[in-house]
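Asks: One structure follows; several queries about it will come next.
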There are 2 protein chains.
Amino acid sequence: MAIQRYGMAVRLKDEKRQYYIDNHANVWPEVLEELKKINVQNYSIFLKEDFMFGYLEYTGNDFDGDMGKMQQIPIVDKWTKLMIDCFNPFPNNDDNESWVMMDQIFFME
Amino acid sequence: MAIQRYGMAVRLKDEKRQYYIDNHANVWPEVLEELKKINVQNYSIFLKEDFMFGYLEYTGNDFDGDMGKMQQIPIVDKWTKLMIDCFNPFPNNDDNESWVMMDQIFFME
């Protein structure tokens, strides 16, 4: 499949900042294995002030379906809940407790 | 050279939003050529609300030097000034008129 590029954004709670950084320096191997199984690759997270930006590439053909399947794995769900607890909503997105998807407005190969 | 991944962030002025989007759907070819010459690849820009995130990969060995050289090319400098005029500073970075570089805190190949 062709590579699809996803950008996503969220904010980090001050009191959880170091916890989030430390955990992402050493992500649970089971979580990484599941990400690879659903065709996620070249995944980076960047931080500036309390803003985070995630970039990943997906080579499957059902991104939402694959993400949903991944969350049904108990250890992945446990990880995700711990991480969501570190987040503040993105501006103007108070009803979204986790990453918000961004629009790709430019690409150069 | 190994791939180095850069994340950067800035905000977009409301009154320049459509101008920026339109121009990035059709970037001046000279600007893209110069980016490729200095070993930039896989460059995406994402937008959500008035926040933008840029992601690019660099395979050279002097990122700041290469970026500086690129800006000495008159048409690139002209483009850059037009785009900087579209920006609002990133939160807590009022003294920075353009993109601020972010810290990469996670990577999965």
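The values are calculated or read from the model by the stated rules, or taken from the named source; none is laboratory data. Please read these numbers as outputs of a predicted model, since none were measured by experiment. So basically every Cβ, Gly included, is an ideal-geometry build from the backbone, and we count neighbours across all protein chains shown. These accessible areas exclude ligands, DNA and RNA; they are computed on the full protein's heavy atoms, side chains included. Shrake-Rupley method; radii C 1.70, N 1.55, O 1.52, S 1.80 Å.
Asks: If each label sits 7 angstrom from Cα along the C-beta direction, how far apart, in nm, is A:Asn88 from its counterparts in the other copies?
Replies: 1.7
Asks: Something else about it: With a 1.4 Å probe on protein heavy atoms only, work out how much accessible surface B and A bury together, total over both chains, in Å² to the nearest 100.
Replies: 3600 Å²
Asks: Still on this structure, I have one more. Please list A:92-102, A:34-44 highest first by mean number of surrounding beta-carbon atoms within 10 Å per residue.
Replies: Highest to lowest by the protection proxy: A:34-44, A:92-102.
Asks: Nearest 500 deg cm²/dmol is fine: what mean residue ellipticity at 222 nm does chain A get from its DSSP H runs of n ≥ 4 alone, each adding -39,500 (n - 2.57), divided by its residue count?
Replies: Taking each H run of at least 4 residues, the total per residue is -9500 deg cm²/dmol.
Asks: Just tell me how shielded A:38-44 is by partners: mean number of partner chain Cβ atoms within 10 Å of each residue's Cβ, no decimals.
Replies: Shielding by partners across A:38-44 averages 4.
Asks: Still on this model: Taking a label point 7 Å from Cα toward Cβ, how far is A:Asp64 from its twins in the other copies, in nm, shortest first?
Replies: Shortest to longest, the spacings are 4.5 nm.
Asks: Please report the spacing between the Cα centers of the stretch A:1-56 and the stretch B:1-73 in Å, no decimals.
Replies: 21 Å
Asks: A follow-up question, please. Quick one: which residues, 5 or more positions from B:Lys13 or on another chain, have an amide H under 5 Å from its amide H? H modelled 1.01 Å from N in the peptide plane, none for Pro or chain starts.
Replies: Excluding prolines and chain starts, which carry no amide H, the hits are B:Phe87, B:Asn88.
Asks: Another question about this same structure. Looking at this model, which pairs from B:Lys37/B:Lys81; A:Lys13/A:Lys36; A:Lys69/B:Lys48; A:Lys78/B:Lys48; A:Lys13/B:Lys48 are more than 23 angstrom apart at the alpha-carbon?
Replies: Table pairs above 23 Å Cα-Cα are A:Lys13/A:Lys36; A:Lys69/B:Lys48; A:Lys78/B:Lys48.
Asks: Mind checking A:94-107 for the average number of partner chain beta-carbons within 10 Å of each residue's beta-carbon?
Replies: 4
Asks: While we're on this one: Around B:Gly54, what is the net charge, scoring Lys/Arg as +1 and Asp/Glu as -1 over all other residues with Cβ under 14 Å from its Cβ?
Replies: Net charge around B:Gly54: +3.
Asks: If the label for A:Lys36 sits 7 angstrom from Cα along the Cα-to-Cβ line, what are its distances to the same label in every other copy, in nm to one decimal, shortest first?
Replies: 3.3
Asks: Here is a follow-up. Testing the spin-label approximation: label points 7 Å from Cα along Cα→Cβ at A:Glu15 and B:Asn96. State their distance in nm.
Replies: In this crude label model, A:Glu15 to B:Asn96 measures out at 2.8 nm.
Asks: Please report the net charge: other residues with Cβ closer than 9 Å to the Cβ of A:Ile75, K and R +1, D and E -1.
Replies: It works out to a net charge of -2.
Asks: Can you compute 3J(HN,Hα) from phi for each residue in the stretch A:95-104, using the Karplus curve 6.51 cos²θ - 1.76 cosθ + 1.60 with θ = phi - 60°, rounded to whole Hz and x for Gly and Pro?
Replies: My calculation for the stretch A:95-104 gives 7, 10, 7, 10, 4, 9, 7, 9, 9, 7 Hz in order.
Asks: Taking accessible area as the heavy-atom solvent-accessible surface of the protein chains with a 1.4 Å probe, which residues of the stretch A:49-63 lose no less than 30 Å² upon going from the isolated chain to the full protein assembly?
Replies: Flagged in the stretch A:49-63: A:Glu49, A:Phe51, A:Phe53, A:Tyr55.
Asks: For chain A, which whole percent of the accessible surface, found with a 1.4 angstrom probe, sits on carbon and sulfur atoms?
Replies: Carbon-and-sulfur percentage of accessible area, whole number: 46.
Asks: Grab the Cα-Cα distance for A:Ala2 and A:Asn26, subtract it from 0.36 nm times how many residues apart they are, and report the gain in nm with one decimal.
Replies: 5.7 nm
Asks: Hey, can you find the accessible area per residue of chain A for me, probe 1.4 Å, expressed in square angstrom?
Replies: I get 51 Å² per residue for this part.
Asks: I'd like the mean, over residues of A:66-72, of how many other protein chain beta carbons sit within 10 Å of each residue's own Cβ.
Replies: Counting Cβ atoms of other protein chains within 10 Å of each residue's Cβ and averaging gives 0.
Asks: Give me the percent relative contact order of chain B, please, defined on Cα pairs under 8 angstrom at least 6 residues apart.
Replies: Contact order relative to length: 40 percent.
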